[in-house]
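These notes concern the structure reproduced below.
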Amino acid sequence: MRLNQPNCKLFLSLTISQERVKVHSLRHLFPAAIFFCCLASALHAQAESVKALQWEINADKLTRLENPARIAAEGHVELTKIEKTTGPKTDKKKTNWNDLLGEDTSSAAAKPAVDEVTDAPVSEPTADQDTLAHSKTVPVISENAPTPEIITVSKVMSTIKADRMLYDLDAGTVQMDGKVFIEIGPDQLTADSGSVNLKQETGSFENAAIVRQYKDMHFEGRKIEKTGELTYHIEDGWIITCKLKDDEVPPWSFKAAEADITDGGYAYLKHATFRIKDVPILYTPIMILPAKSTRQTGFLFPLVSMSDRNGFGTELPFFVNLSPNSDITLYPHYIANRGLMAGAEGRYVLDQGDKGTVMASFLSDDLEAEGRYTYTEQERYWLQGKADQQFGEWTTRLDFDLLSDRDYLTEFDFGRTGLTASDRYYLEQFGRGLQDRTVDQRTNTLRTLRSWGNGMSLQANLMGIDDLREEEKGSTSLWKLPEVKHNGRLPLYDEVKTDLSWNTDYVHYWREEGVGAQRIDLYPKVTTAVPLLDQRLNTSVGVGVRDTMYAIDGNGNENWENSDTENRLLGTIESEVSSLMRKDFGEPEDGSWSHVFRPFLKHTYVTEADQELPVFDSVDSFDDQNKITYGVNNFFLISGLKRNNEAFERDYGYIKLQQGYDLRSQAEDEPFLPVELRTAWYPVQNMTLKYETDLSVYDDGFLRHFAEGDYLNKRGDLFSLDYLFYKNLVGGEDTNSVRASTLFHLMYDFSAGYSLEKSLENSLTVSEKFRLIYHPACWAVELAAETTPDNEQITIMFQLANIGAPFGLDLLGR
């Protein structure tokens, strides 16, 4: 018997159990409906709810077949899995507590994909009934209480589409052909043909593709089997993690003879090849890729290298997901000529103000130092990290940096745990980077700060030094164990702007070899404005007393053997006369600029202590000053209207010039201090040009030059230049170096970059690097050639979209 039903909709099943779907013929529906109506009358007052599942089919043409019972559908076939929940209609009216808390008692907050509300009977209650039945308000039971309205809400769970479909009602299977499309949770599956078991939620598809919402994960295969709710087995397929257009050849892919996709977070590939434009580049018998939205434990991409000093090397990182806000990455790195370097990185993030990272690496080095390297210990390591933590009102910062030798950062600056990559990571995540590789006394600090709104602050510090210098007896580096500072300002008389300020400091200086001390420094000061006849002049005078107390630890030093306490009492007077003038040029609507002019004259006097004290920092060398400082500061601003007619004003640059004159008798031969010039120019947004210099008016000439230029535009083009010159007046070599880096976007997805670090004093190129980058959508490849005093190498590195850390291949370029 056949029943043709063109342009029709057919409900295939109705059941009160979610565990089993049973198809009823039309003649069985009437007695079942009577039974359900009776059951609804008995359960109506209980206000329970129940869920039921059914499949609904739509097509241009439906044909009913018997023996076995089947439905043949043709033309725009759509098979939909419907979940219906039946129960009492909830009252969204809030109680008094709800009003106070701003809560909505309706638990059906999320609107279903398809809503269909009808009067319906109630079936047996299930465990999952919160959506319609339960409210936080406890109802008052009354004999005259109105009967609650019973409604049914329908929601689409899954959708299957095809040109043709054959549905076996008894077996619960569907055969599909032509433009197959299935929505399965976060996945979308397309195929030429396939079959599905609706009861087991499994299936098999030919020439199929799956697009997973997470990271646009894209799977294709000659045959794809759905083995579970969100698990698949792929034969003769490939994987890519970015969007593709129809019939587009993937820019890169992983092709595999077999692959298993698990909802646990991985794609397991067998006999996989990495391909660029379908051209095989690399082969691996086994590969594991992340395939889920949550972070998963597993291997990351390897790093392969070749060097004339290190030989062949390979690194295979392993990521361990400890929790949603903490993880560990292990970096085992085999270096043929040196041994196995063990590396690890641990991270945690609670929120933007509470986070931390620690990195460590260790190598028992088989290679002896030679050439410019001077390390003597073969057990080599680097331990460094940073942490930000908020303890109530206290802001805490931890920075540590421990090295085995001064050569480590130069020799092993590669990979994720190298100095260059680590410094960039810390700058991005914590706003402060690492110390330069040339620093021999590496600072480790723990700082905590509490500030109040009235300008008062309390800060405590611990500082330790990792001294890499070769000392015969012991390290002379100063540690602070601890340091406590308390600063504040208190207004005394508002009429003439009189303030009392204070800087107090306690520090315990300790070192392994040399003089140490505990020092208390108290420096209260009263500052008041002095009214003058000319209101264009601003005059202030400050008078202070500075008392510094020492408990000295000679630590074997003969000069302090019999002296354990000292006290220094100083008086200070500071006065300043200045003026502030501003001139505006042009009109804001046409674009204008302003010049702010501030000349000043300042006198500083500090009494002479006339006593010998240990010198640890600038506090100890503060005494005996009598000088005049004069100068002028110029600030430039530009203003105008944006395209939306919104007014703006921004800094355009500044020029600061000052010089001092020493009034003390011992400086009468050369009383003039160096001329100091500080300039900056901001011609456009994201562009900075700075220059600083100190010029001696006597025989020494220029003492210091510093130039800095930075530019970054919206395309990502960048330019950076740093130049430093510092004259060593006490003997030794001057510092004269330049650093430059640039990256420009060219045509056709190409970019080119160049970087240089050079010592001009001895004409030594520390590092020179050329880069060519090709970065279309979904991937990038970089070709770099780098020259250092000890090595020349060529690097090829691939960056794949949404596949974690990049992997690279370093080749010897000699």
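The values are calculated or read from the model by the stated rules, or taken from the named source; none is laboratory data. Because the structure is predicted, anything quoted here is derived from the model rather than measured. Backbone-built Cβ (ideal geometry, glycine too); neighbour counts: all protein chains shown. The accessibility values were calculated without ligands, DNA or RNA, using every heavy atom of the protein model including side chains. Shrake-Rupley method; radii C 1.70, N 1.55, O 1.52, S 1.80 Å.
Each part reduced to its alpha carbon centroid, the stretch 501-526 and the stretch 353-405 end up 29 Å apart. Once backbone amide H atoms are built at 1.01 Å from N, ILE150 has LYS89 as its partners under 5 Å, excluding neighbours fewer than 5 places away on the same chain.
Over the stretch 287-377, calculate the relative contact order: mean separation of alpha carbon pairs under 8 Å at least 6 apart, over the residue count, as a percent. Answer for the stretch 287-377 is 18 percent. By the gyration tensor of its Cα atoms, with a ≥ b ≥ c the square roots of the eigenvalues, what is the shape of the stretch 528-595: rounded for a/c under 1.5, prolate for a/b over b/c, or oblate? Since a/c reaches 1.5 but b/c is at least a/b, the shape of the stretch 528-595 is classed as oblate.
Taking a sphere under 14 Å around the Cβ of LYS255 and counting the other residues whose Cβ falls inside, with K and R at +1 and D and E at -1, yields a net charge of -1.
Ranked from largest, the principal axis spans of the Cα set of the stretch 605-741 equal 65, 36, 30 Å. Taking Cα centre as origin and charging only the Cβ of basic (Lys, Arg, +1) and acidic (Asp, Glu, -1) residues, the dipole magnitude of the stretch 635-761 rounds to 860 debye. Each Lys and Arg Cβ is given +1 and each Asp and Glu Cβ -1; about its Cα centre, the stretch 392-477 then shows a dipole of about 520 debye. Stretched out straight at 0.36 nm per residue, the stretch from LEU760 to LEU772 would grow longer than its current Cα-Cα span by 1.7 nm. Hydrodynamic radius of the stretch 356-414 by the Kirkwood approach over all distinct alpha-carbon pairs: 13.4 Å. Scanning residues 5 or more positions from GLY455 or on other chains, none has an amide H under 5 Å from its amide H, with H placed 1.01 Å from N in the peptide plane. Remark: the stretch 615-710 carries a charge dipole of roughly 860 debye about the Cα centre, counting +1 on each Lys and Arg Cβ and -1 on each Asp and Glu Cβ. In whole percents, the pair-distance distribution calculated for the stretch 154-222 from its alpha-carbon pairs, binned every 10 Å from zero, is 20, 52, 25, 3. Could you list, in their original order, any pairs among LYS583/LYS690; LYS223/LYS277; LYS656/LYS714 whose Cα atoms are separated by more than 28 Å? From LYS583/LYS690; LYS223/LYS277; LYS656/LYS714, over 28 Å: LYS656/LYS714.
Note that the stretch 58-64 has calculated 3J(HN,Hα) couplings of 10, 6, 5, 8, 10, 10, 8 Hz, one per residue in order, obtained from phi through the Karplus relation 6.51 cos²θ - 1.76 cosθ + 1.60 (θ = phi - 60°); glycine and proline are x. Bridgeable aspartates and glutamates around LYS497 (alpha carbons under 20 Å apart, same-chain partners fewer than 8 residues away excluded): ASP534, GLU574, GLU576.
The chymotrypsin sites (Phe, Trp or Tyr not before Pro) of the stretch 617-654 include none that DSSP puts in a loop with a beta carbon having at most 15 other beta carbons within 10 Å.
With Cα atoms as the point set, the stretch 275-393 shows a radius of gyration and Dmax of 18.6, 58 Å.
The mean accessible area for residues of the stretch 372-434, using a 1.4 Å probe and ignoring ligands and nucleic acids, is 46 Å² per residue. Using a Förster radius of 22 Å, what is the FRET efficiency between ASP617 and ASP700 based on their Cβ-Cβ separation? Nearest 0.05, please. With R0 = 22 Å, the Cβ-Cβ based efficiency is 0.30. Taking amide H positions as modeled 1.01 Å from N, with prolines and chain starts lacking one, the residues under 5 Å from LEU663 and 5 or more places away or on another chain are ASN626, LYS627, ILE628. Working note: Karplus 6.51/-1.76/1.60 with θ = phi - 60° gives the stretch 71-79 the couplings 10, 9, 10, 9, x, 6, 6, 9, 10 Hz, where Gly and Pro are set to x. In summary, the aspartates and glutamates within cross-link reach of LYS386, defined as a Cα separation below 17 angstrom excluding same-chain residues under 8 places away, comprise ASP327, GLU345, ASP351, ASP354, ASP399, ASP401, ASP423, GLU428, ASP436, ASP466. Diffusion coefficient of the stretch 445-582 by Stokes-Einstein, Kirkwood radius over Cα pairs, 4 °C, 1.567 mPa s: 71 µm²/s.
Tell me, what HN-Hα J-couplings in whole Hz come from the Karplus equation 6.51 cos²θ - 1.76 cosθ + 1.60 at θ = phi - 60° for each residue of the stretch 376-390, using x for Gly and Pro? With the stated coefficients, the stretch 376-390 comes to 10, 8, 8, 7, 10, 7, 8, 10, 8, x, 8, 8, 10, 8, 10 Hz. Cα-based values for the stretch 570-654, radius of gyration first and Dmax second, are 21.5, 66 Å. Note on SER575 and THR688: with the Förster distance fixed at 35 Å, the Cβ-Cβ geometry gives a FRET efficiency of about 0.50.
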